[in-house]
1. Have a look at Val54, Val85, Val42, Val78 and point out the one that is modelled with pLDDT of 95 or more, β-branched (Val, Ile, Thr) and in contact with a helix residue (DSSP H, G or I) (Cβ under 7 Å, 6 or more places away or on another chain).
2. Show the residue pairs meeting these rules: Cβ distance below 9 Å; 6+ apart or different chains; first residue within the stretch 43-56 and closer than 13 Å to Ala32 by Cα and touching a residue at least 40 places away in the same chain (Cβ under 8 Å); second residue surrounded by 20 or more Cβ atoms within 10 Å (Cβ to Cβ) and of a type in the set (A, V, I, L, M).
Amino acid sequence: MTGGWRPYDRRVDLPVVIPLTLLALGLSALGALVRPRWDVAVVLGLLAAIWTRVNGPVEGAILHTWSAGRGFTEADLVSVVALVVSAVTLLRCAWRLARRLAGPGAGRSAPSGTAPVSSAGSARGGAGHQGP
């Protein structure tokens, strides 16, 4: 058994890796847009990084070339969109956390043209309901 072990060959790829990665990217992006959660945003960012490594067979046209062996292809646009969705999701989570930490009603003012309601009376200036 001298030649039985071979290192991993990148040309040999499972045919399900590309569709599963795209499916996971799509579902994660949809979940991040519908209900922003930081853990989904992190998973989406990791899937975007994985996509750049497995998209070789479906790369498409070269959009920009940096060197002879490196460039930006159509398939790389999927990673860019996923990273943008991930960043927007993280910003939405941070904004929601900041609002929650600020407390209820913080940063909100009464709409113009309305009188503020006090605890002693109604907005119309009356004494309000006085119980029996």
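The values are calculated or read from the model by the stated rules, or taken from the named source; none is laboratory data. Quick caveat, the model's predicted, so the values are computed rather than measured. All Cβ positions, even for glycine, are placed from backbone atoms using ideal geometry, and neighbour counts span all protein chains on display.
1. Numbers: Val54 fails: modelled with pLDDT of 95 or more; Val42 fails: in contact with a helix residue (DSSP H, G or I) (Cβ under 7 Å, 6 or more places away or on another chain); Val78 fails: modelled with pLDDT of 95 or more.
Criteria check complete, one pass: Val85.
2. Partner pairs satisfying both residue conditions: Leu44/Leu25; Leu44/Ala29; Leu44/Ala32; Leu44/Ala82; Leu44/Val85; Gly45/Ala82.
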